[in-house]
Structures are given as structure tokens and as C-alpha cells.
1. Give me a count of the residues in the stretch 59-70 that are under 16 Å from V118 (Cβ atoms) and either at pLDDT 95 or above or not hydrophobic (A, V, I, L, M, F, W, C) (or both).
2. Got a sec? Which of V108, V78, V96, V116 is farther than 28 Å from P45 by Cα and of a type in the set (V, I, T)?
3. Considering (1) without any contact (Cβ under 8 Å) to a residue 12 or more places away in the chain; (2) touching a strand residue (DSSP E or B) at 6+ places or on another chain (Cβ under 9 Å); (3) not in a helix (DSSP H, G or I), say which one K98 fails and leave the rest.
4. Please go through the stretch 40-72 and give me each residue that is under 12 Å from P89 (Cβ atoms) and touching a Leu at 6+ places or on another chain (Cβ under 7 Å), ordered by number.
5. Looking only at the stretch 101-133, which residues are in a helix (DSSP H, G or I), at pLDDT below 90 and in contact with a Leu (Cβ under 8 Å, 6 or more places away or on another chain)?
6. Can you find, within the stretch 53-95, the residue that is farthest from D120 (Cα to Cα) among those that are touching an Asp or Glu at 6+ places or on another chain (Cβ under 7 Å), among the hydrophobic types (A, V, I, L, M, F, W, C) and not in a loop (DSSP other than H, G, I, E, B)?
7. Is there a residue being surrounded by fewer than 13 Cβ atoms within 10 Å (Cβ to Cβ) and modelled with pLDDT under 90 anywhere in the stretch 71-93?
Amino acid sequence: QHGYWASLRVEPDLISRIKEAQKEDSEIWTIVKIEHQWASSLLQPLDIPVWNWDEISMDFVTRLPRTQRRHDAIWVVVHRLTKSAHFLPIRKDYSVSKLAETFQQEIVRLHCTPLVIVSDRDPRFASRFWKGL
């Protein structure tokens, strides 16, 4: 038991705290979505990617306990073809330019710039994010 994994601290209540944060987040977003819901339509399937890291999906897991480095969220970036993922520790208050910098350092450095990013984020976020790259 040597190396990085052996040095990690085990927090027995971490899973229950994450589940509780997800539950609270889910309840809030249910209310917000009901108030701001657009007319629904049939879902359209996404095309299957043909090249490595050309198309990714990304989302944010927020309302997590703060770490020693003050991270309180995780940015999940998933390669749509293989479903391999990067879990990037971030702070909920990161600016779009800080997120773009993190994306450059952690994703683009390893896999090049993707052609397609699928996200449930606001179009204004996406626009500022791409400009930040």
C-alpha cells in the first residue's frame, strides 16, 4: 500500500454527505425547472463520435464539502465515444476564464481541442467559455 492511493484519507461519511448534497441540489433544480420550463419536445439522439476526444460531454457536481484546497465542486468531462472521464476539482465560484484555463491545462493538453461539447449549461456560459479558450 504505497504511493498516491495509500496516502488518501478515508472519510466514512463522505458518500452520505455527497448524496445529501445531490438531494438538496435536485430539489432546488426541480423547483427552478418547473418555473422556467420551455415547451418540451421529443429528444433527439446525438450522433456517435468517430474519433477520440472529438466530442465530449461535461457537467458540474456542486455543493460538495470543501476540501483542504478549498475545492467544493467537481467538473466532469466525459469522452462520448469511450466514456472515459476526467474529474477536475474546482471551486463553485471559478470564473469562466479560470474554467477555460483549467480546461486547457487538463483536457486540451492531453487530448487536443474537441470539436463538440455537449453540456446543459446556459448558452451564454458556452459562448464566454469558448472565447476564454
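1. Residues in the stretch 59-70 being under 16 Å from V118 (Cβ atoms) and either at pLDDT 95 or above or not hydrophobic (A, V, I, L, M, F, W, C) (or both): 1 in total.
2. Details: V108 fails: farther than 28 Å from P45 by Cα; V78 fails: farther than 28 Å from P45 by Cα; V116 fails: farther than 28 Å from P45 by Cα.
Step by step, each of V108, V78, V96, V116 is checked, and only V96 is farther than 28 Å from P45 by Cα and of a type in the set (V, I, T).
3. (3)
4. D72
5. Taking the stretch 101-133 as the starting set, the residues that turn out to be in a helix (DSSP H, G or I) are 101-111, 123-132.
Next cut, at pLDDT below 90 only: 123-132.
Correct list: F129, G132.
6. That would be L88.
7. For the stretch 71-93, residues surrounded by fewer than 13 Cβ atoms within 10 Å (Cβ to Cβ) and modelled with pLDDT under 90: present.
The values are calculated or read from the model by the stated rules, or taken from the named source; none is laboratory data. Remember, predicted model here, so these are calculated numbers, not experimental data. For neighbour counting, all protein chains shown are included, and Cβ atoms are generated from backbone atoms with ideal geometry for every residue, glycine included.
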